[in-house]
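J.: To start, I am sharing the structure in question, which I have written as structure tokens.
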């Protein structure tokens, strides 16, 4: 089974008249308002300035395919005096009650245009003493939590992950499980025999408070032929009668990012019930290959509209695109797959 691309892709492209999104728009989170029949995309944008700062833009659609920008300004920008002072990226949206909880990756200092020779080296952390905090020295990627009710007014709660780690691909479950909040994440440095994985993998954590995740267990690591390097979870899980459905990415030998799917146990989501042995989507089209990273399909959000799963993804670190499938058919396919 494969996801089917929308013939009108890309659904969003860089906007030459908006300096904060004139280089790239990609890796969108998504939310579907069933009452108003509207899809909201919270997408990552990048400026063309050599610092390569990233922002969040907002776009809406009434059919899931045709999107219109809400504003000519970003809805959330880096906080110049915070841990997310240089960039905010790769949002994921979870709603609990009246609040949207958005996890996002962030860096303290500019990253630079990494695809250009010398572009990244031009922006290193400033000179600092040997006692300077580790995460500031390394400019590690932290994951923050932002909260909103309308995508216009925000509360930055702080960071969710250990500042001593490069930790991203953080996903919150949309409800408590057995009285606890649940988070999935991908700590880059947790590799080696003591962690049970040779490459960066997906982990799961439970906590009594949204900012209280302290211990984790390994969820999935490389298993199939198309998964030869790091992997991580992509979208907030969708509750089905057969388990929590989510998508994950894995890096292949060709450095392409491909997408697979999981079903996790409803009562114990640390237990993987089923996992697709083959990928559902791989880079093939120009908007997945011709960009600032060659060969990327990277979803950050998915919604269900009248039984169809809409998967919103970034292509080649430059564009926003969408692919679809019948939700029940995907779940049925997963039920035939091993764990």
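J.: Gain in length, residue 339 to residue 48, computed as 0.36 nm per residue apart minus the alpha-carbon separation, to one decimal in nm? Kindly include the intermediate steps, with their values, before the conclusion.
T.: Values: separation 291, 0.36 × 291 = 104.76 nm, distance 4.31 nm.
Taking residue 339 through residue 48 to full extension adds about 100.5 nm, to one decimal.
J.: Only counting other Cβ atoms within 10 Å, I'd like 254, 90, 131, 209 sorted with the fewest neighbours first.
T.: Ascending number of Cβ neighbours within 10 Å: 131, 209, 254, 90.
J.: Mind sorting 166, 72, 265 by how few other Cβ atoms lie within 10 Å of their own Cβ, fewest first?
T.: Least to most surrounded, the residues fall as 72, 265, 166.
J.: With only alpha-carbon pairs counted, each pair once and no self-pairs, how large is the Kirkwood hydrodynamic radius of the range 4-335 in angstroms?
T.: Values: mean 1/r = 0.0502 Å⁻¹.
Kirkwood radius, the range 4-335: 19.9 Å.
J.: Tell me, how many Å apart are the Cα centres for the range 173-188 and for the range 207-280?
T.: 12
J.: Place a label point 7 angstrom from the Cα of residue 242 along the Cα-to-Cβ direction, then list the residues of the range 297-339 whose backbone nitrogen is under 13 Å away.
T.: Answer for the range 297-339: 326-339.
J.: May I pose another question? Could you give the nm distance between label points at residue 199 and residue 223, where each point is 7 Å from its Cα heading toward the beta carbon?
T.: 1.5
J.: Using only DSSP helix segments of four residues or longer, with each worth -39500 (n - 2.57), what per-residue ellipticity at 222 nm results for the chain after dividing by its residue count and rounding to 500?
T.: Details: 3 runs with 18 residues, N = 339.
So the helix-based figure for the chain works out to -1000 deg cm²/dmol.
J.: Which residues does the label zone of residue 178 cover in the range 210-225, counting backbone N under 14 Å from a point 7 Å along Cα→Cβ?
T.: Within reach of a label on residue 178, which here means backbone N under 14 Å from a point 7 Å along Cα→Cβ, the range 210-225 contributes 217.
J.: Over all distinct alpha-carbon pairs, what is the Kirkwood Rh of the range 179-255 in angstrom?
T.: Final number for the Kirkwood radius of the range 179-255 is 13.5 Å.
J.: While we're here: Using 0.36 nm per residue, how much length does the chain from residue 96 to residue 79 gain when fully extended, once their Cα-Cα distance is taken away? Intermediate values should be presented prior to the final figure.
T.: Working: separation 17, 0.36 × 17 = 6.12 nm, distance 2.49 nm.
Extra length from residue 96 to residue 79 when fully extended: 3.6 nm.
J.: Any idea how far apart residue 66 and residue 267 come out in nm if each label point goes 7 Å out from Cα toward Cβ?
T.: With each label placed 7 Å out from Cα toward Cβ, I get 4.8 nm.
J.: Taking the Cα atoms of the range 62-135, report the difference between the largest and smallest coordinate on each principal axis, in whole Å and largest first.
T.: Largest to smallest, the principal-axis extents are 52, 33, 18 Å.
J.: Then there is this: Roughly speaking, what is the stretch gain from residue 37 to residue 136, that is 0.36 nm per residue apart minus the C-alpha to C-alpha distance, in nm to one decimal?
T.: Full-extension gain reported as 31.3 nm.
J.: Under a plain spin-label model, where a point goes 7 Å from the Cα along Cα-to-Cβ, how far apart in nm are residue 164 and residue 306?
T.: Simple spin-label model gives 5.3 nm for this pair.
J.: Here's something else I'd like to know. As a footprinting exposure proxy, order 123, 6 by other Cβ within 10 Å, with the fewest listed first.
T.: The fewest-first ordering by Cβ neighbours comes to 6, 123.
Every number here is computed from the coordinates shown, using simple stated rules; none is lab data. Everything numeric here is computed off the predicted structure, so don't read it as measured data. Counting neighbours? That spans all protein chains shown, and the Cβs are built from the backbone with ideal geometry, glycine included.
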